[in-house]
Amino acid sequence: MTMESAKIAFVQEARELLGEMENALLRMESDGLDDESIHAVFRAAHTIKGSSGLFGQDEIVSFTHVLETILDEIRSGKFVPDSSTISLFLECGDHLGSLVGNFEQNLSLSAEQAQDGSSLVQKLQGARRNAERSLVVPTPPESPVEEITRPVDGVANDAWHISLRLATDVLKSGMDPLSFFRYMATLGRIVQIDVIDDLLPPPAKMDPENLYLGFEIQFISEATRKDIEGVFEFVAEGSTIRILPPHSKIETYLDLIRSLPESPNRLGEILLSCGALTDSELALVLRMQENTATGKPPLGEMLVKEHFVPPVVVAAALQKQKVSREKTIQESRSVKVDVAKLDHLIDLVGELVIAAAGAKIAADREKSAPVEEAVGMVSKLVEEIRDAALGVRMVPIGEVFQRFPRLVRDLSMELGKRVELDIQGAETELDKSMVERLAEPLTHMVRNSLDHGMELESTRLAAGKPAQGTIRFNAYHDTGSIVIEVADDGAGIHRQRVLERAIERGIVPHNHNLSDREILNLIFEPGFSTSQTVTNLSGRGVGMDVVKRSIESLRGEIEIESEEGVGTEIRLRMPLTLAIIDGFMVAVEDRSFVVPLDLVIECADLPREVAIREQGRGIANLRGEPLPLVRLRELFHIPGQAPARENIVVVEYGGKRLGLVVEGLLGEFQAVIKPLSRLFSKVPGVGGSTILGTGEIALILDVPALVQRIERVETTRWAPTSASLPGASETKALSHAT
């Protein structure tokens, strides 16, 4: 690996970790503190710190070290972060992101970044000092030992059991066992001590400077196993100390084991991480394991045999170890690929599809059965390669959805509104190139919803709504496309205000006759805004027009529904991919057209007598149901007379059906989408072009645009004349061009 490739890998990993950190912090803020989220934040900071040190990024290392120290204290339970602390951590994540960006672009630390970093460090240290002042040190009881002659009911289940056999010469070292018991009283409560005198020699052989007594102690405390072991740190050498956890605490160990990060940890490391075992205990057992004469027994067996760890805790740790190993194996099966390489692969697959189509045409001309069979096998494999290559590009749309919890949180706090984000359908897959280009329009929609749609808490309560508003993201597949919904339960769009603003700006004449949908669509006009003031979020008329242009550039469409006082829903319909599609080829005269196969419902004959009877009406009766028609010959101004018998290709989009009148049905076809030149990019009804195996060009029909045109006709009838077809000159020019 070269230094440049290592740098790219580090930047990518750092951004992923910062995203995980942000998501974990937002979970902590909304759902409360939990071990998994704390570990995720700490793990991200720790990994970034270690990796950045390899590249000599001292600014990242020093800043992350301070952050890591605070997170470690939170992880150990020394203080609980509140919402202001979480906000501070989010700011720290943003600062780390800017430092990573500096490294990526080979930029030095700016004065503003240095000031921001210094300010954040001071805030972190201030939060730490405040937490230390808030700690309450327990007052030790007057008597460190509560003498009990018999076990108290329940003590055995709630207390640590400490078996203590101090070194015989401990008294000669100036150590008094009673001093340890007094110190233990600061960590909890000693409820029982049994003195064991089994090793006491006869009086004649007794050395008054030696300690022959052992102690069995019942100790109730919230301290960790490591803290308790630390009490006997100065007498550990030569002593035998057993610390058994209370049975009621076993579930705590199990929860800690389950929450540990799934790194390839060994059994001993897992038990150390969850506090069920201490370093010295592990070292002792490992020595005992090595010195076993009958071979090397399993570590878990030794831990249970020596009463260091309960069997159920060892079993849970072994299961965690297994899961960690399986996850590591699974991760080793995946590989990260540069997007440019993937795009190049798709381009090559597209050319392969075109070449395979040409080979099929040549085989048909040869009329050779072996050649046709071989070409058929190649075509089948090409189709499988195409599907596999496109599948690699498909990623969950949750990649773009996960950017918005932070945005909603920050903007709602800035606006003084209570808003939550509800995400559904994040697992729905979409072409990666489209996922990346959807981020900007979705951001505009969310900002617009927060600023214009959502009311203040007092306004919502006065209207009988919940105090907290909701913005909902939803994604799902529908008839060969993906639908993305962004909805809110805010004030909705005030149609009269929109209309007045449009008339004021000259967009709509005073004697207008607009439907409700047309009024709502006015918000997509360039520079249109109903806001009376300009703020950091809105008021300049920039936003929703950007959304519409972005969606249309992706061959998608946008719909809006709103009810005043109830809320607004914006619905995006996007194609699944921008590269290669399954199509159905049709013909008019000598011109070929491709209809996206996912949108085709059925094909039917249109007899001559029916065509003459329906001429000029633009609508046909299909099994008792009215079906709007679009005649491709007239749409594209193809000269000549229609044949005696025509066909209807019935397509459906967004729950609406349309009949395309064509003259030939040529069957299924894999279409490699080629963009149109700027001259023809605005032609209605055309979404792109493709190259046939013969080298000729076929137009790919834009079914959503045709359906929209049908909807715009007030009477639902479409007279198929050139005067009724907007963009007639463009379609005529395109027809001649192809």
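Taken together, the values in this text are just the output of simple stated rules run on the coordinates, not laboratory data. Everything numeric in this text was worked out from a predicted model, so none of it was measured. Here Cβ is always computed from backbone atoms with ideal geometry, including for glycine, and neighbour counts include all displayed protein chains.
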Legend entry - Length gained when the stretch Leu109-Asp478 is fully extended (0.36 nm per residue, less Cα-Cα span): 128.0 nm
Inset, instruction - Just order 394-402, 338-346 by mean Cβ neighbour count inside 10 Å, highest at the front, would you? - result: 394-402, 338-346
Inset, instruction - Measure off 7 Å from each Cα along the Cα-to-Cβ vector at Thr240 and Glu552, then give the distance between these two points in nanometres to one decimal. - result: 8.6 nm
Inset, instruction - Can you check what the net charge comes to around Thr168, using other residues whose Cβ is under 12 Å from the Cβ of Thr168 (Lys, Arg +1; Asp, Glu -1)? - result: -1
Inset, instruction - Determine which residues of segment 165-207 fall in the zone a paramagnetic label at Glu216 would reach in this model, i.e. backbone nitrogen under 15 Å from the point 7 Å along Cα→Cβ. - result: 165, 191-199
Inset, instruction - Output the relative contact order of segment 400-459, whole-number percent, from Cα pairs under 8 angstrom with separation of 6+ residues. - result: 49 percent
Inset, instruction - Go through 20-30, 451-461 and give me the packing order, highest mean Cβ count within 10 Å leading. - result: 20-30, 451-461
Inset, instruction - Give me the number: length gained by fully extending Asp197 to Asp58, i.e. 0.36 nm times residue separation minus the C-alpha to C-alpha distance, one decimal in nm. - result: 44.1 nm
Inset, instruction - Filter the cross-link list Lys7/Lys341; Lys380/Lys548; Lys548/Lys656 down to pairs whose alpha-carbon distance in this structure exceeds 29 Å. - result: Lys380/Lys548
Legend entry - Radius 14 Å from Cβ of Lys417, net charge of other residues (Lys, Arg +1; Asp, Glu -1): -3
Inset, instruction - Rank-order 552-564, 625-637 by packing density, defined as the average count of other C-beta atoms within 10 Å over each peptide's residues, highest first. - result: 625-637, 552-564
Legend entry - Proximal aspartates and glutamates to Lys465, defined as alpha-carbon separation beneath 18 angstrom and excluding residues fewer than eight positions away on the same chain: Glu420, Asp422, Asp451, Glu455, Glu457, Asp488, Asp489, Glu563, Glu564, Glu569
Inset, instruction - Would you work out the relative contact order for segment 397-575, in percent, from Cα pairs under 8 angstrom that are 6 or more residues apart? - result: 24 percent
Inset, instruction - Work through the residues other than Asp431 whose Cβ is under 10 Å from its Cβ and net out their charges, Lys, Arg +1 and Asp, Glu -1. - result: +1
Inset, instruction - When a/c is below 1.5 the answer is rounded, else prolate if a/b is larger than b/c, else oblate, so apply that to segment 397-575 with a ≥ b ≥ c taken from the square roots of the Cα gyration tensor eigenvalues. - result: oblate
Legend entry - Amide H partners (placed H, <5 Å) of Ala159, local residues excluded: His247
Inset, instruction - Could you calculate the contour length gain from Thr470 to Asn130, that is, 0.36 nm times the residue separation minus the distance between their Cα atoms, to one decimal place in nm? - result: 118.9 nm
Legend entry - Of Lys360/Lys674; Lys49/Lys432; Lys336/Lys432, those spanning more than 23 Å from alpha-carbon to alpha-carbon: Lys49/Lys432
